[in-house]
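Every number here is computed from the coordinates shown, using simple stated rules; none is lab data. Given the structure is predicted, the values throughout are model-derived calculations rather than measurements. So basically every Cβ, Gly included, is an ideal-geometry build from the backbone, and we count neighbours across all protein chains shown.
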Amino acid sequence: MNLAEVIAIRKLIKDYGNLRAVDGIDLSIQKGEVYAFLGPNGAGKTTTVEILEGLRPRTSGEVEVLGLDPWKDNKKLIRQLGVIPQDFKFFDKITPKEAVAFYAGLFGKRADADAILKKVRLEDKASDRYETLSGGQKQKMGLALALVNEPAVLFLDEPTTGLDPQARRSIWEVIRSLRSEGRTVFLTTHYLEEAQLLADRVAIINHGKIVATGSPEDIIREHGRSEVLSLQAPPKLADYLRSKLDLPVRAEDHTVDVELNSNEDVLRVLTLVQQSGIPWTGVSTRQDTLEDVFIRLVGKTTESGDVGPASLGGAK
Ligand SMILES: Nc1ncnc2c1ncn2[C@@H]1O[C@H](COP(=O)(O)OP(=O)(O)O)[C@@H](O)[C@H]1O
Ligand SMILES: [Mg+2]
């Protein structure tokens, strides 16, 4: 483990009976990163997080969090972690301020509830009952509780699932401020937008295997298709271009797409379009998004009934 490495996972396997939920994953997460574990439902995200938190034993492989084995050194580790489980819930009648005091008591810590609630932008609701809070405010209370320990590492399992886009953004803001304090945040999500806009690095997991890692830009560069020049024109233009070019050309409805290898290809294609004499009405270029790459790697797109754009699976 290098000094800045906060989480190290090597060849991690977790079986539930005959089901291999986590299938030999390797990950290295550095201090101060927001790291997103992105994948559809059932991919193995929660299982992995619970192993990292010391809540579940692993079948095999090596895991270290802050230099400790989460299963063997659980007591020592738990005091340095902040955790929000998937589907976090609390007692209806308790206020955020009382909840923070209650948690601090559990850990034998002195906590400045007002300061913590301010940090998660919940100071206005400090004395409101949990049951009256919005979904986003409830998650912020979860974050407040996770901060009681002054944790070096936070594990947030789907912290924004089911929240509206505005509430989601306000949670991201809090997570960014935690990063700026030097804390490491490991979160799971099935929202592509969340991975793309919030995370420094992302691992895409599917069926217990990691299929891509890196910054969103790295992943797009490595797994994305080349840039595409798109023309609004009749399909006969595609036939013409195919006869003159060695580049992949696709035609659909009134759109002709040409995959580019280099910038010079733009000029070659446009010159040929001009020579063809076929009328066209619009031209643009486009590059794969993280969503395009995800769909290619995981073979799935947004499932119905889910909240928000660019999401990959329903909340459990
Ligand atoms: N306690 C358990 N016992 C048996 N199977 C489980 C258990 N927890 C999860 N699984 C299965 O393991 C796989 C991974 O689940 P999970 O880690 O919850 O994925 P995710 O959080 O990505 O949705 C799923 O197929 C799930 O049904
Ligand atoms: Mg889960």
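Dividing the Cα radius of gyration of the chain by 2.2 N^0.38 Å, with N the residue count, gives 1.21. Each residue of region 174-190 is assigned a 3J(HN,Hα), and the resulting list reads 5, 4, 4, 5, 5, 4, 5, 8, x, 7, 9, 10, 10, 10, 10, 7, 10 Hz, derived from the Karplus form 6.51 cos²θ - 1.76 cosθ + 1.60 (θ = phi - 60°), x at Gly and Pro. Residues in region 65-80 carry Karplus couplings, in order, of 10, 6, x, 10, 7, x, 7, 6, 9, 3, 4, 6, 6, 4, 6, 9 Hz; the curve used is 6.51 cos²θ - 1.76 cosθ + 1.60 with θ = phi - 60°, and Gly or Pro positions show x. Positive contributions from Lys and Arg (+1) and negative ones from Asp and Glu (-1), summed over other residues with Cβ under 13 Å from the Cβ of L237, come out at 0. For the chain, the longest principal axis of the Cα atoms and the long axis of helix 96-107 meet at an angle of about 70 degrees. 3J(HN,Hα) along region 234-250: x, x, 5, 5, 4, 4, 4, 5, 4, 6, 10, 10, 9, 9, x, 10, 10 Hz, from the Karplus curve 6.51 cos²θ - 1.76 cosθ + 1.60 with θ = phi - 60°, whole Hz, x for Gly and Pro.
Annotation: amide H of T59 within the under-5 Å range of I13, K14, D15, sequence separation 5 or more or interchain, hydrogens built in the peptide plane. Amide H to amide H, with H built 1.01 Å from N, V283 comes under 5 Å of Q232, counting only residues 5 or more places away or on other chains.
Our note on the geometry: Cα centres of region 82-160 and region 223-288, 53 Å apart. Once the Cα atoms are used to define both axes, helix 135-147 deviates from the longest principal axis of the chain by about 60 degrees.
The angle between the Cα long axis of helix 263-276 and the main principal axis of the chain comes to about 40°, on a 0 to 90 degree scale.
The distance between label points at D239 and A152 comes to 6.8 nm (points 7 Å beyond Cα on the Cα→Cβ vector). Each distinct pair of alpha carbons in region 225-286 adds a 1/r term; the inverse of their mean, the Kirkwood radius, is 11.2 Å.
When each of the peptides 64-70, 189-195 is scored by how many other beta carbons lie within 10 Å of its residues on average, the order from highest to lowest is 189-195, 64-70.
Counting only residues at least eight positions apart within a chain, or on another chain, the lysines with an alpha carbon under 19 Å from that of K109 are K75, K76, K97, K118, K119.
Computed on the Cα atoms alone, the convex hull of region 54-173 gives a volume of 116 cubic angstrom per residue.
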